[in-house]
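The values are calculated or read from the model by the stated rules, or taken from the named source; none is laboratory data. These numbers were taken from a predicted model, which means no experiment stands behind them. Backbone-built Cβ (ideal geometry, glycine too); neighbour counts: all protein chains shown.
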Ligand SMILES: Cc1cc2nc3c(=O)[nH]c(=O)nc-3n(C[C@H](O)[C@H](O)[C@H](O)COP(=O)(O)OP(=O)(O)OC[C@H]3O[C@@H](n4cnc5c(N)ncnc54)[C@H](O)[C@@H]3O)c2cc1C
């Protein structure tokens, strides 16, 4: 393994190597260790013990808040530790955490298999799966972590253990939803794969802001009964070259035949309200093309702020989100509604990932100029303040605990997670959740919305 100490000439490069977000923190690990194998990971844990340091992990570097870069730590970079083994007959794969979501392309091409990886090709499975993972065909296949059968873990005291529902089952429970407070280092995910769809088709409907309510209520009304092999989303955004916000409904269906794809998308085409500025129906598509579309919508080489909420099922959704969708300051901002029903209507397996609703709502500031940092953060905070009261909680995958406190797990699951963290990492050797001062340590997050805590204090 390679160790890069703070006085090394390559330290600064290694500190942010593969980090997606250009909005970067003033935090300085004592050293960066590039691991190439499981034994390197064990060695790195020993090194941290001997130096009295914490360990932070980087699998793909896509966490918006750059959780891998921490003070008083060794940054364990898993980018050079790569392993993918597929057992096509059993539809299983074993992958190292730095494996990117676009593993799906290889699985499709070589084996006709797929799993619910992240929508953007270069999000790595380490952070993605530990957080639950909202990926391909989520309405149907469920959370990414529901497709994890077992994990191999190096514990905070440097032991290598296998975890599934029989062995070390509490650690396996936590590996499906603990997110960036998992009390160990995952070295391998054992994945359950699905037969891959053969045909991808999309439909798109772009409405002017004047049609927001009508268009939103139309797509909302369709969603719960819509074909569950079809992904639906709606974004508030400024179309290229336009100076007015639009409401854009996008659908991707994944099927075995063109006829099935057309039948899946038809109910939307037949019932769409008039007035779209642009629309298409059942356009040919592929997974490669989808990745390109995602990369275009969520580009690299930018500063990023992201936050989200699962909005309650019983609210007037179009009304609750209207301000967020229609008052985007400029084209550096976008918001997303991503429906999760019918998955969200099915009970979850027993695992840490325990919050869901029919409506995932994400807010993103994607910009280039550091002089916009404060303006973008203020917009994000104000937007979330207006909607968080209507939510059941927040997904750990696209948020920053330094900016806003929320509920991330069910009450019972939050308590169980805290217990498991104390049991497996009583010293807080693995950097836990990064709160405002990075002081939450073994105690972890309060798992309570900030606005509720503030009201209670009044
Ligand atoms: C462009 C973009 C698109 C995205 N799209 C999606 C999407 O479609 N669906 C979705 O659910 N999320 C999505 N995300 C969010 C993404 O899943 C999270 O940011 C996730 O943390 C990224 O994982 P990573 O390994 O790349 O990040 P990293 O920054 O490397 O890891 C994040 C944290 O996870 C923990 N961690 C990672 N690996 C390990 C390990 N092996 N052992 C222990 N702890 C570990 C550590 O605390 C680490 O600091 C997207 C993010 C971006 C930037």
Could you check the range 206-217 and list, in sequence order, the residues that are surrounded by 19 or more Cβ atoms within 10 Å (Cβ to Cβ) and in contact with a helix residue (DSSP H, G or I) (Cβ under 7 Å, 6 or more places away or on another chain)? 207, 212, 216
For residue 455: the one exception among (1) loosely packed, with under 14 Cβ neighbours inside 10 Å; (2) at pLDDT 95 or above; (3) assigned to a helix (DSSP H, G or I): (2)
Within the range 23-47, considering residues that are part of a loop (DSSP other than H, G, I, E, B) and over 30 Å from residue 372 (Cβ atoms), the one nearest to the ligand (Cβ to nearest atom): 35
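Quick check: anything in the range 187-198 farther than 19 Å from residue 150 by Cβ and surrounded by 24 or more Cβ atoms within 10 Å (Cβ to Cβ)?
Going through the range 187-198, the residues farther than 19 Å from residue 150 by Cβ turn out to be 195-198.
Next cut, surrounded by 24 or more Cβ atoms within 10 Å (Cβ to Cβ) only: none.
No: zero hits.
Quick check on residue 158: is it assigned to a loop (DSSP other than H, G, I, E, B) and in contact with a strand residue (DSSP E or B) (Cβ under 9 Å, 6 or more places away or on another chain)? It would help to see each step written out before you state the result.
Numbers: assigned to a loop (DSSP other than H, G, I, E, B): yes; in contact with a strand residue (DSSP E or B) (Cβ under 9 Å, 6 or more places away or on another chain): no.
Here the answer is no, as residue 158 does not meet what is asked.
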Going by what's in this entry, would residue 20 be described as assigned to a loop (DSSP other than H, G, I, E, B), touching a residue at least 24 places away in the same chain (Cβ under 8 Å) and closer than 19 Å to residue 100 by Cβ? yes
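For residues in the range 382-391 being in contact (Cβ under 8 Å) with a residue 24 or more places away in the chain and surrounded by fewer than 17 Cβ atoms within 10 Å (Cβ to Cβ), which is farthest from residue 333 (Cα to Cα)?
Of the residues in the range 382-391, the ones in contact (Cβ under 8 Å) with a residue 24 or more places away in the chain are 383-391.
If we keep only those that are surrounded by fewer than 17 Cβ atoms within 10 Å (Cβ to Cβ) as well, we get 385-386, 389.
Values: 385: 16, 386: 16, 389: 22 Å.
So, considering only residues that are in contact (Cβ under 8 Å) with a residue 24 or more places away in the chain and surrounded by fewer than 17 Cβ atoms within 10 Å (Cβ to Cβ), the one farthest from residue 333 (Cα to Cα) is 389.
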Is it the case that some residue within the range 292-312 is assigned to a loop (DSSP other than H, G, I, E, B), buried (at least 19 other Cβ atoms within 10 Å of the Cβ) and modelled with pLDDT of 95 or more? no
Restricting attention to the range 48-69, which residues are assigned to a loop (DSSP other than H, G, I, E, B), more than 8 Å from the ligand (Cβ to nearest atom) and crowded, with 23+ Cβ neighbours inside 10 Å? 69
Options 375, 404, 422: the member that is touching a helix residue (DSSP H, G or I) at 6+ places or on another chain (Cβ under 8 Å) and in a helix (DSSP H, G or I): 422
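Which count do you get for residues in the range 378-393 that are within 16 Å of the ligand (Cβ to nearest atom) and in contact with a helix residue (DSSP H, G or I) (Cβ under 8 Å, 6 or more places away or on another chain)?
Looking only at the range 378-393, we keep the residues that are within 16 Å of the ligand (Cβ to nearest atom), and these are 380, 393.
Filter again for in contact with a helix residue (DSSP H, G or I) (Cβ under 8 Å, 6 or more places away or on another chain), leaving none.
Adding up the residues that qualify gives 0.
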Out of the residues in the range 87-145 that are in a strand (DSSP E or B) and away from the ligand (no atom under 12 Å from the Cβ), which is surrounded by the fewest Cβ atoms within 10 Å (Cβ to Cβ)? 87
Would you say residue 185 is within 16 Å of the ligand (Cβ to nearest atom), modelled with pLDDT of 95 or more, more than 30 Å from residue 84 (Cβ to Cβ) and not in a helix (DSSP H, G or I)? no
